[in-house]
Amino acid sequence: MSKFTINEFRKKYATDAACLDKIFTLRYGKLQACPECASPASFRRITTRRCYQCKHCYAQFYPTAGTVFEKTRTPLSDWFYVIYLFTTTRNGVSAKEIERQLGVTYKCAFRMGHCVRKLIGGMDMEKLKGFVEMDEAYYGPKNTDSGRSLKKSVVFGMVERQGNVKALKMENVTKETVYPLIAQHVNKDAKVSTDEFGLYISLRKDLGIENHGVIRHGLNKYREGSISTNTIEGYWSHLKRMLHGTHIHVSGKYLQNYIDENSFRYNNRKNQHGMFEAIINHLPKRENE
Ligand SMILES: [Zn+2]
């Protein structure tokens with residue numbers, strides 16, 4: 001597996017101008033003509049602002065408008081570096097780490113981390129197929145009781161073996177909240193494994209999932225033939241390692257952002273080289289596209 005090395009990264013995005021060029025290319029690169037004067041597209045970068053100008057009519061374009069970079073005074077090269085950090089770690093990037101590496105305040109570092117997580121979240125994904133495992137996990141402060149306790153946040157997850165994961169913070173896990181998500185994210189022909197939790201009892205009847213196997217954890221069983229939830233359990237333990245290990249405590253308000261970050265890294269685990277591009281490519285497109 002090839003990696004996007006720090007040297008490659010530095011070569012490409014050494015300066016703010018290089019970063020701005022990248023953003024401009026992503027958002028305006030496909031334009032054949034100037035939207036203002038319709039002349040063949042030809043723009044120059046203005047050096048004093050994050051701005052490009054049409055060489056024909058002098059109309060100005062701000063490629064960071066409407067993106068997380070719009071109002072920031074932090075250099076774009078610092079932002080790009082933080083995004084790069086997110087693609088190279090296994091257990092996430094803490095605000096402390098960003099603070100230390102960039103020499104910015106903790107508050108600024110915290111905000112940058114969450115802006116990057118927002119950029120990572122909400123990426124489209126194909127429906128899960130083949131062998132799919134589903135499960136819920138409970139996350140909360142370390143010292144509360146384990147299991148399905150009220151103090152904790154509940155997360156529902158679906159994972160394709162050897163494939164992608166989709167995990168979502170829930171208000172509660174009931175048929176009303178969970179089944180629509182399964183219908184949205186899991187192919188009906190998938191071979192689904194769950195534990196014996198009552199929630200999953202009518203996957204066949206309500207969602208038409210014909211192939212549903214149950215592994216009885218209550219009987220200390222963890223695999224029977226192809227029925228197992230070990231993949232999703234592995235995902236949960238990795239998620240908890242990131243939440244407890246890297247971030248000490250994560251409030252419910254931000255939990256989904258951390259989950260999205262972890263899922264993104266999981267889904268791109270064989271594609272470290274492409275991760276940076278995938279995040280940058282997720283900048284919102286211009287409205288008229
Ligand atoms: Zn023009």
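The values are calculated or read from the model by the stated rules, or taken from the named source; none is laboratory data. Here the structure is a predicted model, which is why all the values come from computation and not from measurement. Note that each Cβ is placed from the backbone with ideal geometry, even for glycine, and that neighbours are counted across all protein chains shown.
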Which of the residues that make up region 216-232 are of a type in the set (A, V, I, L, M, F, W, C) and modelled with pLDDT of 95 or more? ILE227, ILE232
Could you please let me know if CYS34 is surrounded by fewer than 17 Cβ atoms within 10 Å (Cβ to Cβ) and within 16 Å of the ligand (Cβ to nearest atom)? no
How many residues are surrounded by 14 or more Cβ atoms within 10 Å (Cβ to Cβ) and part of a loop (DSSP other than H, G, I, E, B) when one looks only at region 4-31? 3
Within region 186-234, take every residue that is under 14 Å from GLU136 (Cα atoms) and of a type in the set (D, E, K, R) and give me the one that is surrounded by the fewest Cβ atoms within 10 Å (Cβ to Cβ). GLU196
For region 78-87, check the following and say yes or no: at least one residue is touching a residue at least 60 places away in the same chain (Cβ under 8 Å), among the polar types (S, T, N, Q), more than 16 Å from the ligand (Cβ to nearest atom) and within 30 Å of TYR235 (Cβ to Cβ). yes
Being small (Gly, Ala, Ser) and not in a loop (DSSP other than H, G, I, E, B) is the filter here, so list the residues in region 64-97 that pass it. SER77, ALA95
List pairs: first in region 106-122 and more than 11 Å from GLU261 (Cα to Cα), second in a loop (DSSP other than H, G, I, E, B) and charged (D, E, K, R), Cβ under 7 Å, 6+ apart or cross-chain? none
Inside region 37-63, the number of residues satisfying the requirement of being in a loop (DSSP other than H, G, I, E, B) and more than 14 Å from the ligand (Cβ to nearest atom) is 6
State whether one or more residues within region 98-118 are surrounded by 19 or more Cβ atoms within 10 Å (Cβ to Cβ), at pLDDT below 95 and outside any helix (DSSP H, G or I). no
